[in-house]
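The values are calculated or read from the model by the stated rules, or taken from the named source; none is laboratory data. Predicted model only: the values in this text are computed from it and were never measured. Neighbour counts run over all protein chains shown; Cβ positions are idealised from the backbone, glycine included.
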Amino acid sequence: MTIYLNVWRQEGPDKPGRFETYTVPDVSPDMSFLEMFDVLNEQLTLEGKEPVEFDHDCREGICGSCNMVINGQAHGPNARTATCQLHMRSFKDGDTLFVEPWRASAFPVIKDLVVDRDAFDRIMEAGGYVSVNTGNAPDANSIPIDKVAADSAMDYAACIGCGACVAACPNASASLFVGAKLAHLSLLPQGQPERNRRVVNMVHQMKEEGFGDCSNHAECEAVCPKGISIAGIAAMRRDYVKAMLAAD
Amino acid sequence: MSTQVREKQPLWRQLFTSQIGKKLLTGLTGLGLTLFVIVHMAGNLSYFAGNEAYNAYAHKLLSLGPLLYIAELGLLAFFVFHIVLGVNIYLGKRKAREQGYKRYKTAGGQSKQSLSSRSMIVTGVILGVFLVLHLVSFKFGAYYEAAESIDGKPVRDLARLLNEKFQSPLYAFGYSGVMVLLALHLRHGIWSAFQSLGATNPRLTPLIYTLGALVGLLIAVGFFILPLWIFFTGGNA
């Protein structure tokens, strides 16, 4: 199949960007979207042109590096699928695709499709951890945890921090990311001692990084490659109110 | 790494400036205003029981005196907070994405993005402007005295004002059109308020969303049935 691409090219953070048009012939339907970009980059290199910069690492859908907005949708058209797990069979021969980076003031473009997601790391530094010496693994079942809570914590912990929630949000809000990071700790006993401080600090850091306010469009849940529920955002709000009223 | 709260601000600052506090207040004031429009709509429907019933209802409200003023001040505060926070959230969103997408498409599925959710600022601003015009037309509009008095006190003939105003297609259809926008605003607004208050979960959300949309629609119908009825039938004699 032949794919026509309009790819966002931007030389650096402060340089103006523009769309460049490329044609990639002989695309196999079994290629992943990133492999199609590998082919494009080989083609560009042979032509003596600068290859398109894009982030990728595991290519197994679990690292959260590959971030592309494809035809207006973060990670492309398939639900619960990271860009690396999106295959060209999801497209038709002769399709024209627009490929853009995550667009948010808090995620400045470094080059082409690569954005700086350090803002997420700084939110994690503000409280996305437990300050305990873990030591050896505790004996199984020595700390009873409700099965439903354990499963739910695992669902939130599945967040790979890719940033698709921010990219797809009409307001560029990071609420789903922060909600997921809070919920997976607040559902478990280890998360309890710092629960109030954690929610206040992470929520305030989210604002400082310049993410927008949530308007409950729920677009984040729809594009999340891990299908994380906006119930995490509701839980974050309940915890925030409790923390606001708490004495500590 | 310190785990101290770096920004334990006073409660009121957290409410007004934090991203969660702002949503809480927007949701709470929104729900309060929704209750107000439901009561307002129910009051309007008393017109269908006759001009006298309608005038008596309005008279009863007015004779509350200081209580009415307190309620009006409360309402004004709700409107001001709701509008200021809504505009603030809209402006913040523009700052949070300075460079927009060339292409943008909702993923569907779990998304609740819709014409309603995307146009909250537009429907909200129109409703705000409408509110002012509406107060000028009716509350502060022409004063007619009704033929009959209640407890020896003169009664304002608001029904006559209604009957006159809604003869005009501009008033009848303008009012009805704005009520359709109110339905759109509430379709996203009601469910969104519950989500902002943290009062949702995956089982409840579809129910709250559907009920919210339905309530919005019923409120709008309850409002625009009156001007359209007056326009098309000439209203109560």
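Worth a mention:
- Meets criteria (more than 10 Å from chain A (Cβ to nearest Cβ), among the small types (Gly, Ala, Ser), surrounded by 18 or more Cβ atoms within 10 Å (Cβ to Cβ) and within 30 Å of residue B:156 (Cα to Cα)) for residue B:58: yes
- Yes/no for residue A:157 being more than 7 Å from chain B (Cβ to nearest Cβ), surrounded by fewer than 23 Cβ atoms within 10 Å (Cβ to Cβ) and at pLDDT below 95: no
- Only one of the numbered conditions (1) among the polar types (S, T, N, Q); (2) in contact with a Cys (Cβ under 9 Å, 6 or more places away or on another chain); (3) in contact (Cβ under 8 Å) with a residue 40 or more places away in the chain is not met by residue B:19, and that is (3).
- Residues within the stretch A:31-60 that are without any contact (Cβ under 8 Å) to a residue 12 or more places away in the chain and either within 14 Å of chain B (Cβ to nearest Cβ) or part of a strand (DSSP E or B) (or both), tallied: 0
- Elements of type helices (runs of 4 or more DSSP H) contained in the stretch B:151-237, each with 3 or more residues being within 14 Å of another protein chain (Cβ to nearest Cβ), at pLDDT 95 or above and out of contact with any strand residue (DSSP E or B) (no Cβ under 7 Å at 6 or more places or on another chain): B:169-196, B:205-233
- Selection within the stretch A:95-123 - more than 14 Å from the chain's Cα centre (by Cα) and farther than 19 Å from residue A:73 by Cα: A:110, A:111, A:122
- Enumerated helices (runs of 4 or more DSSP H) restricted to the stretch A:149-248, each holding at least 1 residues that are among the polar types (S, T, N, Q) and touching a residue at least 40 places away in the same chain (Cβ under 8 Å): A:175-186, A:195-208
- Checking residue A:127 against (1) crowded, with 23+ Cβ neighbours inside 10 Å; (2) more than 23 Å from residue A:204 (Cα to Cα); (3) of a type outside the set (A, V, I, L, M, F, W, C), the condition it does not meet: (2)
- Residue in the stretch A:166-184 that is more than 13 Å from every other protein chain (Cβ to nearest Cβ) and surrounded by fewer than 24 Cβ atoms within 10 Å (Cβ to Cβ) present: yes
- Of B:75, B:85, B:24, all but one fail to be touching a residue at least 24 places away in the same chain (Cβ under 8 Å), under 30 Å from residue A:129 (Cα atoms) and part of a helix (DSSP H, G or I); the exception is B:24.
- Residue that is surrounded by the most Cβ atoms within 10 Å (Cβ to Cβ), among those in the stretch A:201-248 that are more than 7 Å from chain B (Cβ to nearest Cβ) and of a type in the set (Asp, Glu): A:239
- Test for residue B:131: is it exposed (fewer than 15 other Cβ atoms within 10 Å of the Cβ) and assigned to a helix (DSSP H, G or I): yes
- Residues of the stretch B:101-123 satisfying the condition of being over 26 Å from residue A:226 (Cβ atoms) and surrounded by fewer than 18 Cβ atoms within 10 Å (Cβ to Cβ): B:102, B:115, B:119, B:121, B:122
- The set of residues from the stretch A:69-81 being more than 8 Å from chain B (Cβ to nearest Cβ) and under 13 Å from residue B:102 (Cα atoms) comprises just one member, A:70.
- Qualifying residue in the stretch A:10-30 (condition: free of Cβ contacts under 8 Å to residues at least 24 places away in the same chain and closer than 24 Å to residue A:159 by Cα): no
- Every listed requirement among (1) under 27 Å from residue B:121 (Cβ atoms); (2) surrounded by fewer than 13 Cβ atoms within 10 Å (Cβ to Cβ) is met by residue B:67 save one, (1).
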